Structures are given as C-alpha cells and as structure tokens.
C-alpha cells in the first residue's frame, strides 16, 4: 500500500494531538511545593507553669467543653501572669483548633494546620510560628 499526501497529513494530525494531550496533561498536574522544613532542636523544652498549663489544655483539646474549659481558663490565667512566656501564638492555634472541633468545617486544612502547630508547641515548648 502506498501512502498518499492525505495519509501523511492524517498521521501528522494524529501525532500532533498525541503530543498536545501529553503537554496538556503535564500542565494540569498539581505542583507539589515542599512545606517549611521541620524544626529540629537538641535542647530540652523549657518548663514553666505557663507551658505546663498549655500542655494540659492541649492534651484536652478534643475533650468535651466542660472538661476543656477549666484547663483553658487556667492557661489564660498563666499567660496573663507570665507575659514573658512566648506562647500567645500557641494559644491562638489552640483556640482555632477548638473552634474547628466545635463547628466542623468542610475544609480539613484548618484542623490539620492547627494540629501540626499545636504538636510543635507541645514538643518544643515555643511558638513555632515565630523565628
């Protein structure tokens, strides 16, 4: 069988569509950007009454409101009593987490970000949002 010019045009169109679909598919793939590098510390976490109160409140973050509220009140009292303790950001993320627990959203990203931040605060005993 001998190819005629219209066959070459048809082959070129088919190959062109194939290449076009490959390029379009690669452009629609989501680009994964790496998150911030995890914080690594070799120092033991600081111990203070404010951080102890934070650890207790964070351990009750999924508890019902009657169990959580006394721990939150004690934590807020410790924060106001010791303003040098750098845990205001951690306290804010704890409040975000509780808000997401009380009023669930369709966006799970808030709870994941709050949980990641709170876990960093509990582990390292400093606000992981500050440099």
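Values in this text are rule-based calculations from the coordinates and carry no lab data. Keep in mind that what you see is a predicted model, and the values were worked out from it rather than measured. Every residue, glycine among them, receives a Cβ derived from its backbone with ideal geometry; neighbour counts consider all protein chains shown.
The table that follows gives values for the structure above.
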item	result
Ranked list, fewest to most other Cβ atoms within 10 Å of each Cβ, for 73, 28	28, 73
Which of 59, 48, 114 has the fewest Cβ neighbours within 10 Å, and the rest in rising order	59, 48, 114
Linear extension gain, residue 119 paired with residue 4, 0.36 nm per residue minus alpha-carbon span	34.5 nm
Stokes-Einstein diffusion coefficient of the range 49-124, Kirkwood radius over Cα pairs, 25 °C, 0.890 mPa s, in µm²/s	197
Per-residue Cβ neighbour rank within 10 angstrom, fewest leading, 54, 126, 20	20, 126, 54
